[in-house]
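Presented below is the structure to which this report refers.
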Amino acid sequence: MKRLLKSLATIALTLGLLLSANAMDKPTTWTTEEGASVYYLNLPELPILDLIIALDAGNFRAGDQHGLASLTASLLVKGTKNQDEETLIETMEGLATSITAGSNTTQTTIRYRSLTDEEVLTPSVDLLLEILKSPRFDEATFNREVAQIIDAQKARLDNQNSLASEAYYAMLYPGQHLGSTSEMLVESLKKLTTDDLNAFKERYYHSNNAKIIIVGDLSLAEAKTLANRISEALGTGEAQPAIDETPLPSKGETKVIAFDSPQSRIMMGHPAIDRFDPDYLALFVGNHVLGGSGLTSELMMDIREKQGLTYGIYSYFAPSFLKGPFTISLSTTNQDVDHAISETKKLVKRFIEKGPSEEALTRAKNNLTGSMALDLDSNMKMASALLSIATYQLPLDYFEQYADNVNNVTREMIQAAFKKHVDVEKLSTVIVGGYQETP
């Protein structure tokens, strides 16, 4: 055990150096007999295997049963038919293997890491398959997890940022999945049972709803054997319709929530784009100039440095299969709320009208392309990058061409994209704090 842990520690220290010097090679992809899409990248420098199984079993699929997808993923790795939670943890520790699972809006992901030494890999893969085929879904563990989630949701009421975020999404996506609230989650959790977990797994945990990402020290033949074993374990199920939820037009409304604080948290924005939108890259690069590059962004330089209205302000696009929002977020003193909002909107309007300066755009491009090596400096980061390619049907050479694509974005492209997708007059605003409207 100690020898395995020492090996992993050594690998962790050297992996970044080995990988950061290399651009991502073009991956190999195929489809299993059961319908799983497989993406494979051979990285033989170190004896590690990182694997992601991504299932079309995210929170969106749970409908009104809020929390079901996350609970199913969580309990998946907390015991099997043959091993209770404690035994399973001990087994993974003995193999120096990590198997975790979680769910977001659109996917459930199971992440697996192991050494590729045959004495470790064989029983480690067998353990993964056992988890996929026969999770325990123990009643006591289920009740514990539900109680912990409910307690966490109650704690959100004391968190200014959490209150703002929840109210913001509820305003932008009323009656839709993205606008679900902690109250809706708690009420749903109280009604769920372990039978619901089993039913959700049986409906959505199948190969024809899956993408399998394999990165590490495995040959193509070994990767195909592994993918086939996983695909067979998952089997096939009913095909699901595409995830889709069309947001209502933004009304540009404002909601104020009283909160005892010397500062107010402000979030403003409106639904913008999904990840398949052809303007995604122009908006991404442009927003890096506007509010996505930390202390050097235009929002920070003006609203913080020049006017002293906030300690921090940033903007972002949050696309997925669904049309996520363009968002600006900041905090300011209660008496400066109206002024900060007004000045922020003025700056965004000016940015849309004039676009970024050539100097700022060049700086943003250098930052984005220069940081790519850090984004791909580990096996798991490589696997996550492949998952993005698989999820959004990007070209296999997407990251190889990334620098060129970023450098090809022009001021005119950014201006056109922002004019099309960002409307300052339709930004809805949530204010949480001790704000009082200026007479």
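Listed here are the residues, each with its yes/no results for (1) closer than 18 Å to Thr225 by Cα; (2) surrounded by fewer than 17 Cβ atoms within 10 Å (Cβ to Cβ).
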position: Thr100; (1), (2): no, yes
position: Thr106; (1), (2): no, no
position: Thr116; (1), (2): yes, yes
position: Ser124; (1), (2): yes, no
position: Leu127; (1), (2): yes, no
Result of the Cβ filter at 7 Å on the range 88-107, keeping first residues that are in a loop (DSSP other than H, G, I, E, B) and partners that are polar (S, T, N, Q), at least 6 apart or interchain, is Thr97/Ser114; Thr97/Ser124; Asn104/Asn59; Thr105/Asn59; Thr105/Ser320; Thr106/Ser320
Say we look at the range 160-181 and pick out the residues that are in contact (Cβ under 8 Å) with a residue 24 or more places away in the chain and not in a helix (DSSP H, G or I); which of these is nearest to Leu71 (Cα to Cα)?
-> Ser180
Filtering the range 108-159 down to residues that are modelled with pLDDT of 95 or more, part of a helix (DSSP H, G or I) and in contact with an Asp or Glu (Cβ under 8 Å, 6 or more places away or on another chain) yields Thr141
Confirm whether Asp336 is free of Cβ contacts under 8 Å to residues at least 60 places away in the same chain, over 19 Å from Thr254 (Cα atoms) and surrounded by 14 or more Cβ atoms within 10 Å (Cβ to Cβ).
-> no
Output the residues belonging to the range 234-254 that are of a type outside the set (Val, Ile, Thr) and closer than 20 Å to Val422 by Cβ.
-> Pro247, Leu248, Pro249, Ser250, Lys251, Gly252, Glu253
Some residue of the range 134-151 being under 24 Å from the mean Cα position of the chain (by Cα), more than 19 Å from Ala101 (Cα to Cα) and not β-branched (Val, Ile, Thr) = yes
Subset of the range 253-289 (residues that are of a type in the set (Gly, Ala, Ser), part of a strand (DSSP E or B) and crowded, with 17+ Cβ neighbours inside 10 Å) = Ser264, Gly269, Ala272
With respect to Asn379, determine if the residue is buried (at least 16 other Cβ atoms within 10 Å of the Cβ) and over 30 Å from Val256 (Cβ atoms).
-> yes
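The values are calculated or read from the model by the stated rules, or taken from the named source; none is laboratory data. All values derive from a computational prediction rather than experimental measurement. Using ideal geometry, Cβ is built from the backbone for each residue, glycine included, and neighbour counts are taken over all protein chains shown.
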